[in-house]
1. Do we find that S58 is without any contact (Cβ under 8 Å) to a residue 12 or more places away in the chain and out of contact with any strand residue (DSSP E or B) (no Cβ under 9 Å at 6 or more places or on another chain) in this structure?
2. From the residues in segment 504-515 that are modelled with pLDDT under 85 and in contact with a strand residue (DSSP E or B) (Cβ under 9 Å, 6 or more places away or on another chain), which one is nearest to S451 (Cα to Cα)?
3. Is segment 386-393 home to any residue that is over 30 Å from V517 (Cβ atoms), among the basic types (K, R) and at pLDDT below 80?
4. Anything in segment 325-383 that is surrounded by 13 or more Cβ atoms within 10 Å (Cβ to Cβ), modelled with pLDDT of 80 or more, not in a helix (DSSP H, G or I) and not aliphatic (A, V, I, L, M)? List them, or say none.
5. In this structure, does T585 turn out to be at pLDDT below 95, in the same structural domain as I722 (by TED's automatic domain parsing) and of a type outside the set (A, V, I, L, M)?
6. List the number of the failed condition for Q765; all other conditions in (1) at pLDDT 50 or above; (2) under 25 Å from R683 (Cβ atoms) hold.
7. Select from segment 670-703 the residues that are assigned to a loop (DSSP other than H, G, I, E, B) and buried (at least 17 other Cβ atoms within 10 Å of the Cβ) and list them in ascending order.
8. Would you mind finding the one in M48, M91, M111 that is more than 27 Å from L314 (Cβ to Cβ) and either touching a Ser or Thr at 6+ places or on another chain (Cβ under 7 Å) or assigned to a helix (DSSP H, G or I) (or both)?
Amino acid sequence: MYQEIRSRIRYKIILPFIVLTLLVVLAGALAVIWISAISAQNRFDNLMAQITRVINDSVVEQEQANLDYLQQIIAAAASETNDIPAVADAMAAEDIVGLERALEPFFTIGMRTASVRLDRLIAFDTNGRTLVDMERQQGSETEFERNEPLNLPTRPGSLVARVLVAEEDDIGDKFAGLMFLPTSAQSGRFFFVTVAPIYHNGEVVGGMLLGMRLDVFLQALSQVTQNSIITVYSSDGRALFSSRTRPPLPNEELPIGYVLERNNAAEVSTVIGVPNIRIDTLEALRTPGESDTPSAQDEAVIDGRSYQLSYTPLVIRRVAIGYIGVGLSRDYVIDSIISLRVPVLILATMLVVGIFSTGLYIAHQITRPIEELATTAESVARGDLQKRSAVATADEIGSLSHSFNTMTEYLVQLYGRVLAEASQRAAIVESIADGIVVCGPDGRVLLLNPSARRLLGLRDDSELPERFELLPLAPMPQNQGSNALDQLAALYTTGDTVLRMSEAEVRSVEGQHYGRVYVLRDITTEVKIDRAKTDFISTISHELRTPITSMRTTSDLLLRNIGGELSSEQRNMVVMMNQKLIDITHLINNVIVIANIDSGSMPIVIEPVYLDDVMQSLMFQLQRRARDKNITLQIDIPADLPPMNADSEYLKTVLAQLFDNALTYTKTGSIRLRACVKDSDVRIDVADTGPGIDLELREKIFERFVRGSGQGEGISSQDRGIGLGLAIVRQLVERMGGRVWVISKTGVGSIFSITLPCSNVELSQELQTADSALV
């Protein structure tokens, strides 16, 4: 049964359709209920937010009204007519009788003023001992009584203590909070209190406390907020007082910022009947958010009914001293959800029946031609390319059947064409004289043509190497080929054969990576010819040195009148001959250097080299040439310039070539060498005031046999050399691990710059000492 269901498309359409129908209907029903619940919850949340705002605004307004009234009491002046002293004077003199006469009118008026809600007024001395303590009688609007003196809490950080030490914050010297005070009628009750210092002649002589009863205030707020449950919590989440009941708590003040760690913060108080704030909700209230006034919501069951609770910080005088919570019954939200169950269930049942019946009919109409088309496709897949579909309906399935038949015809033609092209490509690859190696994306060797097998010494019947790295190819050591050949492509050897390898990435038109193809060309003969050319040039250059040296010596002797006195004309001829011999010697030296570089016979010794030492060995010759051409030579080497990691002979050759180039092309003006430290390199600049270098020539000026035109400067072709000097400079600088470049402006001059890494002199000295010790 299971295999039958899996193998027939009819069941694959019907069964998912049934499941999908049930899911859609169920999801729709849940969505209707959910949206309705969300809507009801949103209205409920808005109501909660409105009630919370009303309560917060009421607390802030009441606090400001009490603060304003307290300021009037403290600032009250003396009345000589009624023999009433100023409050500050009476406090300073400890005149309790006078203080009572001064405070009684304010307390009487405050009880009758609706905006003040004055329930208690206490004046205390600098020790926290109450001097005057007036309290409104329970349920009375005008009657009050005087309480016995008591000691207010003066522990450090308490409201009374902060007032008595004249502490001030960014708001002022008055402080507010919740305080539990004993009363005459019962063990005690909570008060919203505002405490202020009393100054006399600049000194604190006591304080004044104005308080309003918390229970009366909360009951009044509950009546204007749809009989909600309003609860005041401490900073650690304990329920202190509720508009429903009041717990008996000890006589203690709630200090600002006080936090009590409790593991049972989520327990419900049996006295109050409302839950404490849960730990996770308390953490959310303490976490800063985008709103200036953080809030959090929770749910709880109180007296068998579900309530939604909203918490927000209880802020008195801009200081959060605890939290205030508002609770409303969730009966409205729950009733809205229950009322939707029956109509949604009936509608869902009708939709399931209708959609299921329609789905059965549609599935049958779709699957019958598909099954016939599937049978034809199976025959074609087995190799019967003559099989065709007979479905001819005027819909998408009929179009699919026609397209399938067309595709089958095209496959027959394409199959034949691919076979022909594959045979043609195989014949081309087999006949190419160069070796061809094809590797896949993972580096595995896929193809070696016969030429590649021959060049690599592999038999025709041998297995392909697994990876390209396993082919018998060894990189040819540097300078064993030729400089020109080395720059064209990588050279490899296999036995006595030298191969030039070029590679390319194989990608499809869409950019898909198929692998790489390597072409191997036998250049053994070209390498031998190039080596012979290099050896020939080197030999000829060395052989020319001897006769030219003899000719220079002879011309020098003639100029010294060794063979007799020369006439003016003879002397000019000998001088010209001597200069030409110097030029030829310079050209031969450059050719020898190039030949040595190409043959790898020019060793390099990297060691700490001081630029000043190298320049000292060149200065005599450079100054003589500069003096002969009336050119100013400036050398600017800082005394603290560190040594470089370089070959001293290489560096001497490089600087000699740069100065020779500058002296050759500079007709008048100056040549300047500057050196400085740039990052971890020493930078050397050779600047001249010559004609400059044309823009199109700058990019290739360091190539061999490239030289300036010399037009307009009176420089002949012979004087300009053969264009090897700057090529030598670049190759020697790069072999020392440096870099060379030129900045030039036509008609102004050129600056040739090189950088070489700085040397660690101390490390080099330690290495030399260690070598000496080993010897």
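1. Values: without any contact (Cβ under 8 Å) to a residue 12 or more places away in the chain: no; out of contact with any strand residue (DSSP E or B) (no Cβ under 9 Å at 6 or more places or on another chain): yes.
Here the answer is no, as S58 does not meet what is asked.
2. Of segment 504-515, the ones modelled with pLDDT under 85 are 508-511, 514.
Those left that are additionally in contact with a strand residue (DSSP E or B) (Cβ under 9 Å, 6 or more places away or on another chain): 508, 514.
On the way: S508: 26, Y514: 23 Å.
Once the filter is applied, the top-ranked residue is Y514.
3. Kept after step one, since they are over 30 Å from V517 (Cβ atoms), are these residues of segment 386-393: 386-393.
Checking which are among the basic types (K, R) leaves us with 387-388.
Adding the requirement that they be at pLDDT below 80 leaves none.
No, that holds for no residue.
4. Those that are surrounded by 13 or more Cβ atoms within 10 Å (Cβ to Cβ), modelled with pLDDT of 80 or more, not in a helix (DSSP H, G or I) and not aliphatic (A, V, I, L, M): G325, G327.
5. Working: at pLDDT below 95: yes; in the same structural domain as I722 (by TED's automatic domain parsing): no; of a type outside the set (A, V, I, L, M): yes.
Taking the combined requirement at face value, the residue does not satisfy it.
6. For Q765, the exception is condition (1).
7. To start, the set of residues in segment 670-703 that are assigned to a loop (DSSP other than H, G, I, E, B) comprises 679-680, 689-694, 699-703.
Within segment 670-703, T689, G690, P691, G692, I693, I701, F702 meet the criteria.
8. Details: M48 fails: more than 27 Å from L314 (Cβ to Cβ); M111 fails: more than 27 Å from L314 (Cβ to Cβ).
Exactly one residue qualifies, and that residue is M91.
The values are calculated or read from the model by the stated rules, or taken from the named source; none is laboratory data. Remember, predicted model here, so these are calculated numbers, not experimental data. Note: ideal-geometry Cβ built from the backbone for every residue, glycine included; neighbour counts use all protein chains shown.
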